1. Just checking, how many residues over segment 512-531 are within 15 Å of the ligand (Cβ to nearest atom) and surrounded by fewer than 17 Cβ atoms within 10 Å (Cβ to Cβ)?
2. One residue is enough: does segment 675-697 have a residue meeting the conditions within 28 Å of Gly273 (Cβ to Cβ), in contact (Cβ under 8 Å) with a residue 24 or more places away in the chain, in contact with a helix residue (DSSP H, G or I) (Cβ under 9 Å, 6 or more places away or on another chain) and crowded, with 22+ Cβ neighbours inside 10 Å?
3. List pairs: first in segment 727-747 and surrounded by fewer than 16 Cβ atoms within 10 Å (Cβ to Cβ), second acidic (Asp, Glu) and part of a loop (DSSP other than H, G, I, E, B), Cβ under 8 Å, 6+ apart or cross-chain?
4. Do we find a residue being among the polar types (S, T, N, Q) and more than 23 Å from Leu652 (Cβ to Cβ) anywhere in segment 721-736?
5. May I ask you to list the residues in segment 1-16 that are at pLDDT 95 or above and either in a loop (DSSP other than H, G, I, E, B) or among the small types (Gly, Ala, Ser) (or both)?
6. For segment 383-481, please list each of the helices (runs of 4 or more DSSP H) lying entirely inside it that holds at least 2 residues being closer than 30 Å to Leu266 by Cα and modelled with pLDDT of 95 or more.
7. Could you please find all residues in segment 508-517 being outside any loop (DSSP other than H, G, I, E, B) and free of Cβ contacts under 8 Å to residues at least 60 places away in the same chain?
8. Specify which of the listed residues (Ile344, Ile366) is closer than 25 Å to Gly158 by Cβ and open to solvent by less than 10 Å² (accessible area, probe 1.4 Å).
Amino acid sequence: MQKLALQQAWQAKQRDPQRTVLADATSSEGWIAAPVPGTIYEALIAAKQIPDPFDGLNELDVQWVGDVDWLYRCDFELSAEQASQPAALHFAGLDTIATVWLNDQELFSSDNMFVPQRAVVSNQLQAGKNQLLIEFRSALKHGHGLQAEMGQLGVWNGDPSRLYLRKAQYHYGWDWGPALLTAGPWLPVTLELGATRLSDLACPITVADDCSTADFGVTATVADATADTAVLIQLWNPAGELIAEKHQLVGAGSVQHTITVDQPSLWWPHGYGAQARYRLTVSVFAGQTQLDQRELQLGVRRVRLVQEPLRDEAGETFLFEINNVPMFCGGANWIPADLLTNRISNETYRRLLQASVDSHMIMIRIWGGGIYEVDHFYDLCDELGLLVWQDFMFACGMYPAHPAFLASVEAEAIAQVQRLRHHPSIVLWCGNNEDYQIAQTFNAYDHSFQGDFTQTSFPAREIYERLLPKVCATYDPTTLYWPGSPYGGTDVYDKTRGDRHTWDVWHSAMAPYQDYPKYEGRFVSEFGMESSAALQTLLSVLPADQRYPQSRVVEHHNKSEGGARRLAVYLNDTLRFENTLESYVYATQFMQAEALAAAYRGWRRRWAGPGRYAVAGALVWQLNDCWPVISWAIIDSALRNKPAIYSIGRELAPISAGLQRTKAQLEAWVVNGMLKSSNASIIITGYDLQGRLLFEQNYTHELAANQANPITSFEIALADQTVVGLQVVIDGAVVARASSWPEPFKYLPAYDPQISVTRLADDWLEISSQRPAKGVWLQAGDAVHWSDNLLDLLPNQPQRIQARGLGQQPIEIKWLHWDQQEQRA
Ligand code: BMA
């Protein structure tokens, strides 16, 4: 099998509706160079026919691109020998309403950007010049047509016609992203020469309950096999030793072979063990000639979703057990890292996922309004030890379920599950994002009804409760399936079973973030607080006269409904800041960091040991951004970390400390996330704002493994003048800290806490202060990698952090109320 990537010399033009496609293809004017894989937006930007859609208000000026049809053409040369071979064209992804011609002959039409297409073209190639044409019709217009025919459906975010299209839903605009209705061959186009090929390779791994054995169930399907076609199956262990080999004639088209491995090396999420992987190679031969080969990197892991009653609490758990170890899943929701996904580099994927690992997250949820990610994303999660919660691509809508739609969805699900099923990191397939929530909001969700869903006002249950689970059970039986997020009880807001999206803070009630612990769920799969992108990131899209917080362009780059107003309310509740963009950025980011830390801290405290794992996970909305914006992201579109990623990292660390202040009552606890108990000294100190020590308490405590450990609770005298700190000391080292300040912060006097920074070897720094210092944010340019940041400092408790790449660069320091005049007096 010879594979030729058709990615050179593609051109594109706007369709001339007065002409037929073939006539239009011969016209000479209007053609621009088009990157493939890619979409028409990249081509138009490169040709300077449209401005950068992210800049200023440009998004509003480029919507015409989605209203018209486009034509792509590619001329490619073949030798007589090549043209005479059995051949097929493979299209990994056509966005979205497309028709394909080869040498003036129509091959097929497609309407799902998530379904690869393969067209046999053996007798349609010619020696010399061949021409491939693809017409992309306006998805928006196509959707409006279907909507006019079948009715408008309920949605949150974007044009409602999006529900009829199997196109990335966020392309229609979302409450954190612009609308860019892309069109084009967004994934590779390949010419395959030769008939016999490995058309499918499956290898589900069945792990014994005690993980003592693993059965690798290999099924290799060979298309167009001949009498002498054979496959060679080889398995290497993580040490690189060949541990199994099987050579077999193909015969009826597929070969099955099971390899049993005793005491297999297990794949673990990071922090729990190695990410051991076995390498499976399957090669297809005709005699001695190798015709095709595929390789899979496999991991042995046993996954269970444990839903069992809790002691003394209603409902049941919703916890992930990996290799028989229950795990608190701290993590984040992932959105596509750009509107134009072909611009996302492997480096970007690695930096975003590495940052989540650095903040002790072990789970990433791929949200249902984006795309099934590229292979590299999952390879990285396998390598880095990140669990993946994978939504199917449905979000915030009352999707249809007519036969053509169901057929398209089935083809999509089969293709994506077959592509991704071998990744050990993927532990759960999930039917949709918030479709049960929107249905419940429309009173269309009758949990007890189990009849023909397609005849109800919530027909898409057919997809989530019948079609998708069947596909998963057939093609990926060792991975969990969950109908939707949130989902669980009869009520999607149920706190006692299933997963929950906690938007009581920010959306709906706009509850104070300090109350996050109240809005728990057995597994909180979404929650979030907005903040601005980094100053430089924001400035990159702001004209000079728009560089103030309430400007038209700044607010255009906050897509959340009432986003600027909600932020203003939360900011007004929390701290004082100057009305400059620099202060606004620090203030929003400080508040986001405090809010998200309060959530993780409050919920991880409920990971309280066997029978008491009341909250088993928290996935923040959202890890990343797709353009320069004010959103819920904790890493902005320029990959600049926001302070929240550090405050979250402290709450998810193997050992984390917690302080909860209710009026003058203070409660203290320590979470030991490690699988061994540990003996610790706990030091609790109280300081006034002048830096005078008010009290110190010392405890020793055997921290039980894999749970939160209550330490003490007591009344604080002069509570509104007192900052309390807690240090956890193990083997002489401070391994975790927490601090509790009088709130709201806005009532605190602004002062200079006299922070000093001492430079040590290897870019290590010692940071200390004379008076309590809150939210100490250190910056020194993009090249510096901070091991921690946004510190809370107490006198006589210096902290050491590493600033890799700092060298002798100057460090800019901000802290709570750094910009308030009175301290400068
Ligand atoms: C949830 C998510 C997203 C949305 C976010 C913030 O609805 O599923 O759809 O962007 O909240 O509003």
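1. Adding up the residues that qualify gives 0.
2. No, segment 675-697 has no match at all.
3. Close Cβ pairs (under 8 Å, with a partner that is acidic (Asp, Glu) and part of a loop (DSSP other than H, G, I, E, B)) do not exist here.
4. The answer is yes, given that some residue of segment 721-736 is among the polar types (S, T, N, Q) and more than 23 Å from Leu652 (Cβ to Cβ).
5. Once the filter is applied, which keeps residues that are at pLDDT 95 or above and either in a loop (DSSP other than H, G, I, E, B) or among the small types (Gly, Ala, Ser) (or both), segment 1-16 yields Ala5, Leu6, Ala12, Arg15, Asp16.
6. Fully inside segment 383-481 and qualifying: 403-420, 468-475.
7. Asp515
8. Being closer than 25 Å to Gly158 by Cβ and open to solvent by less than 10 Å² (accessible area, probe 1.4 Å) holds for just one of Ile344, Ile366, which is Ile366.
The values are calculated or read from the model by the stated rules, or taken from the named source; none is laboratory data. Fair warning: this is a prediction, and the values are worked out from it, not measured in the lab. We place every Cβ from the backbone using ideal geometry, glycine too, and count neighbours over all the protein chains shown. With ligands, DNA and RNA removed, areas are computed over all heavy atoms of the protein, side chains included. Shrake-Rupley method; radii C 1.70, N 1.55, O 1.52, S 1.80 Å.
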